[in-house]
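A short worksheet on the structure shown next.
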Amino acid sequence: SDIVIIASIGTEGQTRLVSQAFLTKTAVVATAVGGLPEMIIPGQTGLLCPPASAQALAEAVITLLQDSHRREQLCENAFNYASKHLLFDKMMEAMLRSYRQAIGP
């Protein structure tokens, strides 16, 4: 697949699907709901659309299908972002730091 489309209209957590797409260099077009805007940097690691806007979603998908250079750049940016921030060991390190800060010395 060249593009993963997440067309949620309600709440959506930080899905593994986004992380998997980033790490497999697959472009992401998603609606800006729940935790998705926390994972996707608009125009840099993917494209975000308003929820329940089929028109915006279709335009974003068509844009990426017609502009392979832009799609490839998004994929590369997303891969680099995921490699630094979304890999399991990185998430665990961040979680442990948070716990240590909360507990104190």
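The values are calculated or read from the model by the stated rules, or taken from the named source; none is laboratory data. None of these values were measured; they are calculated from a predicted model. Protein only, heavy atoms only, side chains kept; ligands, DNA and RNA dropped before computing areas. Shrake-Rupley method; radii C 1.70, N 1.55, O 1.52, S 1.80 Å.
For the reader, a short list of remarks on this structure follows.
- With contacts taken as Cα pairs under 8 Å and at least 6 residues apart, the chain reaches a relative contact order of 26 percent.
- Within the assembled protein chains, the solvent-accessible surface assigned to D67 is about 60 Å², based on a 1.4 Å probe.
- Radius of gyration, Dmax [the chain; alpha carbons; angstrom]: 15.1, 54
- Whole-percent pair-distance distribution, where bins are 10 Å wide, for the alpha carbons of the stretch 1-47: 30, 62, 8
- Helix 54-66 vs. the chain, principal-axis angle (Cα, 0 to 90°, nearest 10): 80 degrees
- The candidates H85, H69, arranged from most to least accessible area with a 1.4 Å probe in the full protein assembly, appear as H69, H85.
- The chain, accessible area per residue, ligands and nucleic acids excluded (1.4 Å, Å²): 62 Å²
- Surface listing: T31, T63 arranged by accessible area from highest to lowest gives T63, T31, probe 1.4 Å.
- Ordering R16, R97 by accessible surface, largest first, gives R16, R97; the 1.4 Å probe counts only protein heavy atoms, with every chain in place.
- Heavy atoms of E38 accessible to a 1.4 Å probe, total area in Å² rounded to 10: 120 Å²
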